[in-house]
Structure formats: C-alpha cells, structure tokens
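The next block holds one structure in the form of structure tokens; read it before the comments.
Only the coordinates and a few stated rules stand behind these numbers; no lab work does. As the structure is a prediction and not an experimental result, all values here were calculated from the model. When we count neighbours, we look across all protein chains shown, and the Cβ atoms used for this are built from the backbone with ideal geometry, even at glycine.
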Amino acid sequence: MTTYTATRFELTVTTSEPKWLKYLLLSIALSFFSLFLLLPLIAVFTEALRKGIDVYWLALTDTDALSAILLTLTAALIAVPLNLVFGVAAAWAITKFEFRGKQLLITFIDLPFSISPVIIGLSLVLVFGIHGWFGEWLTEHNLKVIFALPGIVLATVFVTFPFVARELIPFMQAQGKEEEEASIVLGAKGWQTFWYVTLPNIKWALLYGVILSNARAMGEFGAVSVVSGHIRGETNTLPLHVEILYNEYNFAAAFAVASLLALLALVTLFIKTYIENKNNNTNR
C-alpha cells in the first residue's frame, strides 16, 4: 500500500508492506545464512575438536603444520605490502590525474577477478618454469621461482593486488580533488599533500583493502597449488596442508588446521565491521 502526501514544495512517499512478506524474506535470508555459512563453520570446529584438545593441539604444533603456517605468513607479509604500494599508487593515479590508457589500467586491475587462479598459476609456470620463457636463464643463474617461495609470492600477489586499489578508487573518486588542489596552491609539495591530506582521508578504506588482501593471501589455494609443487614441509601453505591431510584421511588434523583459516575469516570479519563503523562515524 502506497500513500502520497504532496505540498507546494515537497513530495513525501511512504510505503508499507504486509508483515508476512517481511517475515518471509527474513526467514529466507536467515535460512540461507544458517545452511551455507553458519552450519559449515560449526562443522569445522566440531570436527577439529572431536578427538579432544590434545589431538587438536598436536595437529597444530606438528612440524609440517608449523612450516605451512610460517610459509603462509611469509607469503602474506611480502605480498600485502606490495599490494599496498601498488593499490595506493594506482588509485591515486586513476582518481587524481587524466592520462592516456587510464581505462586500460582499470581493466588490468580487475583482471584477477575474471581469470581462474589455476590459470594464473599455469601462466607463471609457463613464464618461470624450467621449460618456460625464462627457465633457462634462471637455471644458469641458480635461481628458483617455481616450486619455491618466489613463485608462491608471485601467485599470491597476482590474485590479491586488486583489493586495495578497488577499495580506494571509488572512495577517492567520491572525495574529489579539491583538498589536494588547495594544499598545492598553499605551497605543499606532492609528498606533503599525500601524507597530510590524502592519506588521512583514505586511511579507513586503505585498512579495509589491506585486511581483505591479507585474508585472500592466506586463504589462496588454486594459483599457489600449481606453483608450489606440494613439497611437504617446504612449499605447502595452510590450504595445501589441509588438502594433503584430508587426502590422507587424517580428518582430525585436517579440520584442526582448517579451523585456523576459519578463525582468520572470523577475525577478518570483526575487523572489517569495526573499520566500517569507524568510517561511517568519521563521515557523519
């Protein structure tokens, strides 16, 4: 039922929907959330702790598990700062300047969203593998990219680099260029404008992009699986270690390690919510 109240200067539109429709939509949303999100999450922690806390702790402190945790953290600690630098530079260039090839750059930023991570991994093997384009040169100089940390980092960077830029670009476009132009008119140099004007305005969107990039980096499977070689205790990240344990029917250990990734997702969700609230409060 829709009612209209019109005056000379304003038009007010109010709508009301039947209660049954509201409750139906709410039930569908909650049912979907429970079935596809909440239930699998509960199942992971239930299976992880099924054999007791001692078995759970043993699975997490296993030598191969610790190696996988260390490798995952190392790849993320390298990839996320690189994505941070690229994302800020790309967003700043796209939103503050006009140049030829701008639309092409935006297309390249979105490329990892449209390509399967497995294809990305295969492309890296084609370029840096032993029989790849640079394989002979890398072998001659005793450099190893594929089946080693550099390949894992390259794959992680490729699949995660859109997140920071994609969070910043619409945010910086909405802000406009007036404050930066005013600071330059007042005599500020480029870096001063960035540190004292641009960065404070984008800090929450920047943190949000970094968190999403870090979560994807730690949970990436497809591209890393192709370039890692699945060398146990050396090139297995946490998702790959979970796969190996599950394929060996070591379900308790597999779910224990998987629970770490689930905890990471929950922590990411809470931090994301906190940053969104801070950002909304700042913009009021």
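Below are the figures for this structure:
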| read-out | value |
| --- | --- |
| Rounded to the nearest 20 debye, dipole of the chain from Cβ charges on Lys, Arg, Asp, Glu | 740 |
| Tail weight of P(r) past 24 Å, computed on alpha-carbon pairs of the chain, percent | 65 |
| For Asp62, Asp54, Asp110, order by how many other beta-carbon atoms lie within 10 Å, fewest first | Asp54, Asp110, Asp62 |
| Using θ = phi - 60° and Karplus 6.51 cos²θ - 1.76 cosθ + 1.60, couplings along the range 210-218 (whole Hz; Gly, Pro as x) | 5, 5, 5, 5, 5, 5, 5, 4, 6 |
| For Thr160, Thr74, Thr46, order by how many other beta-carbon atoms lie within 10 Å, fewest first | Thr46, Thr74, Thr160 |
| Euclidean distance between Cα centres, the range 107-123 to the range 39-82, Å | 27 |
| Neighbour cut-off at most 14 other Cβ (10 Å), DSSP loop, GluC sites (Glu not before Pro), the range 185-257 | Glu248 |
| Given charges at Cβ of Lys, Arg, Asp, Glu: the range 52-283 dipole, positive-most of Thr107, Gly219, Gln192 | Gln192 |
| Trypsin sites (Lys or Arg not before Pro) restricted to the range 42-97 and DSSP loop, no more than 16 other C-beta within 10 Å | Arg50, Lys51 |
| Pairs of lysines in the range 52-283 (C-alpha under 18 Å apart; 8 or more residues apart or interchain) | 8 |
| Along principal axes, Cα extents of the range 168-284, largest first, whole Å | 66, 30, 18 |
| Fraction of alpha-carbon pairs over 18 Å apart in the range 62-194 - percent | 66 |
| Contact order relative to length of the chain, as percent, for alpha carbon pairs under 8 angstrom and 6 or more apart | 28 |
| Pairs of alpha carbons in the range 80-156 whose separation is greater than 14 Å (percent) | 70 |
| Ranked list, fewest to most other Cβ atoms within 10 Å of each Cβ, for Leu41, Leu35 | Leu35, Leu41 |
